[in-house]
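Have a look at the structure below, then the notes.
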Amino acid sequence: MNNRKILVFVPLLVFILLGVFLWVGLYLDPRELPSELAKNKRPVPQFSLPSVTDPERTLTEADLTGEVALLNVWATWCPTCKEEHDFLNMLALEQGVTIYGINYKDDPAKAREWLRRYKDPYKAVVLDQDGSLGLDLGVYGAPETYVLDAVGRIRYRHVGAVDADVWQTLQQVMASVEQENTP
């Protein structure tokens, strides 16, 4: 068989390979975005950024330690963040869940107004105005929520709004992490 006859089959092979990739893609969950930080239980990346609520205060990754907690990436420009905000308030204010916030690529004045108007569920809120911390975390967009263990390692990542269904999963992960640390 000469080279010309083999070349006739190349488009067919490319078409078959493309079809296989598309077929596999139909069964992937777009909300499941891989996180090397969570997979390997890596700590929150080092940072030194201002607090949204107290601009004179500098927050670091050490401020996100001490207990199992949620780390929520949000912004005032994000409509889905507005949808989840009431639920986060309920978790923090009624159930006592510790939640830290990262205000992502946002205007600090708008963020402070948001927290004043819609209540503040966060123990501390990091201002990530240029998105550098988000980039280090691998943030695709807001909202994203992470489960942190007591020493600040990322144990789980959820992309999208936190609601009652998602909370069940987050709660199970948090309970599992707490059990690991219990002697």
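The values are calculated or read from the model by the stated rules, or taken from the named source; none is laboratory data. As the structure is a prediction and not an experimental result, all values here were calculated from the model. Neighbour counts run over all protein chains shown; Cβ positions are idealised from the backbone, glycine included. Each accessible area value is taken on the protein alone, full model and side chains, heavy atoms only, with ligands, DNA and RNA left out. Shrake-Rupley method; radii C 1.70, N 1.55, O 1.52, S 1.80 Å.
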- Can you give the extra length, in nm with one decimal, that the chain gains between Ile16 and Lys41 once fully stretched, where that is 0.36 nm per residue apart less the Cα-Cα distance? 5.2 nm
- Query: How far, in degrees from 0 to 90, does helix 79-89 lean away from the longest principal axis of the Cα atoms of the chain, to the nearest 10?
  - Reply: 40
- Message: Test of understanding: in a Gaussian network model of the chain with alpha carbons linked when under 10 Å, which of Ala150, Ala92, Ala109 would top the mean-square fluctuation ranking?
- Response: Ala109
- Once the mean of 1/r over all distinct C-alpha pairs in the chain is inverted, the Kirkwood radius in Å reads 18.1
- Task: Collect residues whose amide H, placed 1.01 Å from N in the peptide plane, falls under 5 Å from the amide H of Tyr156; neighbours closer than 5 in sequence don't count.
- Result: Val147
- Charges only on Cβ, +1 for Lys and Arg, -1 for Asp and Glu: so what's the dipole of the chain about the Cα centre, in debye to the nearest 20? 780
- Query: Once label points are set 7 Å from the Cα along Cα→Cβ at both Asp86 and Val8, what is their separation, rounded to one decimal in nm?
  - Reply: 6.6
- Item | Candidates Leu22, Leu127, Leu115, ranked by Gaussian network fluctuation over the chain, Cα under 10 Å, top entry | Leu22
- What list of ³J(HN,Hα) values in whole Hz, one per residue of region 116-125 in order, does the Karplus curve 6.51 cos²θ - 1.76 cosθ + 1.60 (θ = phi - 60°) give from phi, with Gly and Pro shown as x? 5, 6, 9, 6, 10, x, 9, 6, 8, 10
- Under 18 Å from the Cα of Lys123, which aspartates and glutamates turn up, not counting those fewer than eight places away in the same chain? Asp54, Glu56, Glu61, Asp63, Glu67, Glu84, Asp86, Glu94, Glu113, Glu144, Asp149
- Query: Ordered by residue, what ³J(HN,Hα) values in Hz, to whole numbers, does region 102-113 give under the Karplus form 6.51 cos²θ - 1.76 cosθ + 1.60, where θ = phi - 60° and Gly and Pro are x?
  - Reply: 10, 7, 9, 6, 10, 7, x, 5, 5, 5, 4, 5
- Task: Could you check what % of the DSSP bridge pairs in region 75-175 are antiparallel, to the nearest 5?
- Result: 55
- Using a 1.4 Å probe on the protein chains only, how many percent of the accessible area of the chain belongs to carbon and sulfur? 56
- Item | Listed residue pairs exceeding 20 Å between alpha carbons, taken from Lys82/Lys105; Lys41/Lys105; Lys82/Lys110; Lys82/Lys119 | Lys41/Lys105
- Geometric extent, Cα atoms of region 111-165 - Rg, Dmax (angstrom): 12.6, 32
- For the Cα atoms of the chain, what angle does the longest principal axis make with the long axis of helix 3-25, in degrees from 0 to 90, nearest 10? 30
- Stick to the Cα atoms of region 79-182, pair each with every other, and give me the Kirkwood hydrodynamic radius in Å at one decimal. 14.4
- Sequence-distant or interchain residues sharing an amide H contact under 5 Å with Ile102, placed H: which? Asn72, Val73, Trp74, Val126
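Between Leu135 and Thr58, what is the FRET efficiency for a Förster distance of 22 Å, r being their Cβ-Cβ separation, to the nearest 0.05?
The pair Leu135/Thr58 has a calculated efficiency of 0.70.
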- Heavy-atom accessible area with a 1.4 angstrom probe orders Phe9, Phe47, Phe87, Phe15, most exposed first, as Phe15, Phe9, Phe87, Phe47
- With a bin width of 10 angstrom, please list the P(r) values of region 44-124 as percents of all Cα-Cα pairs, from the 0 bin to the one holding the largest distance. 18, 54, 29, 0
- Where both partners of a DSSP beta bridge lie in the chain, what percent of those bridges are antiparallel, to the nearest 5? 60
- How large is ³J(HN,Hα) for each residue in region 135-149, as worked out from phi by the Karplus curve 6.51 cos²θ - 1.76 cosθ + 1.60 (θ = phi - 60°), to whole Hz, x for Gly and Pro? 4, 5, 7, x, 5, 8, x, 9, x, 9, 9, 10, 9, 10, 7
